[in-house]
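Only one structure is covered here, and it is reproduced in the block below.
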Amino acid sequence: MQRCFFIAGLFMLLCIPAFLTGQNAIRGEVFDDKTGEPIIGANVVIQGTTHGTVTDFDGHYKIVTNELLPLTIVISYTGYESAVIDITPENMFNRTSLGETTVLIETIQVTASRISEKQKESPLTVESLDLQAIKATPSANFYDGLGALKDVDMTTASLGFKVINTRGFNSTSPVRSLQIIDGVDNQAPGLNFFTW
């Protein structure tokens, strides 16, 4: 008989900490309302706190909390409408379906240029030849197409060797201009001419 009391007393001692902590385990599943497939990585947060979790590969979640019931959880995922669920002792497990949402944004215009807007406003002349202009040029090659730009002169220095000059400085060694291809100076050091 004493042995039964001892075992019962030991069992109660082991169970008392679980009752004293007052922890609640909230569980659930999150699915897409159209396809019925689980939503992986949906955020599940206790409202008004930073305590929460994300759904696993099967759309399941579990939050262990010391918060007193009833409480509210918020389930959210990008591209879906958020769900707000009241948790009571009767509904510690929830199966939630999220519906898709549409986000309308204003038109976004993306432009890129190697020349800043401030440089374009400067009193210097800036001429550029983009990919479409290169394809549209009637010249036999790219360098002959450069000769069609405003204030650009092509000088033939020798057989098959052409030099680009600007604004009337017609010389076979143009030291007054800087030619940059993909942001890199293409002048051969010490040779005083540009390499193609």
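The values are calculated or read from the model by the stated rules, or taken from the named source; none is laboratory data. On a predicted model such as this, the values are computed, not experimentally measured, just so you know. Using ideal geometry, Cβ is built from the backbone for each residue, glycine included, and neighbour counts are taken over all protein chains shown.
Consider Val103 carefully, then state whether it is over 30 Å from Leu131 (Cβ atoms) and either at pLDDT 90 or above or touching a His at 6+ places or on another chain (Cβ under 7 Å) (or both).
So Val103 does not fit the description; no.
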Residue hits (segment 42-73; closer than 16 Å to Arg27 by Cβ, among the aliphatic types (A, V, I, L, M) and in contact (Cβ under 8 Å) with a residue 24 or more places away in the chain) are Ala42, Val44, Val45, Ile46, Ile63, Val64, Leu69, Leu71, Ile73
Filter segment 76-112 down to residues that are closer than 15 Å to Gly48 by Cβ and assigned to a strand (DSSP E or B), then give me how many there are. 5
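Residues of segment 23-41 being closer than 17 Å to Val64 by Cα and crowded, with 16+ Cβ neighbours inside 10 Å, which ones? Give the steps one after another, and end with the answer.
Narrowing segment 23-41 to residues closer than 17 Å to Val64 by Cα: 23-29.
Across segment 23-41, the qualifying residues are Asn24, Ile26, Gly28, Glu29.
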Kindly indicate whether Val175 is at pLDDT below 70, in contact with a helix residue (DSSP H, G or I) (Cβ under 9 Å, 6 or more places away or on another chain) and not in a helix (DSSP H, G or I). no
Is it true that some residue in segment 131-144 is touching a Lys or Arg at 6+ places or on another chain (Cβ under 7 Å), at pLDDT 70 or above and in a loop (DSSP other than H, G, I, E, B)? no
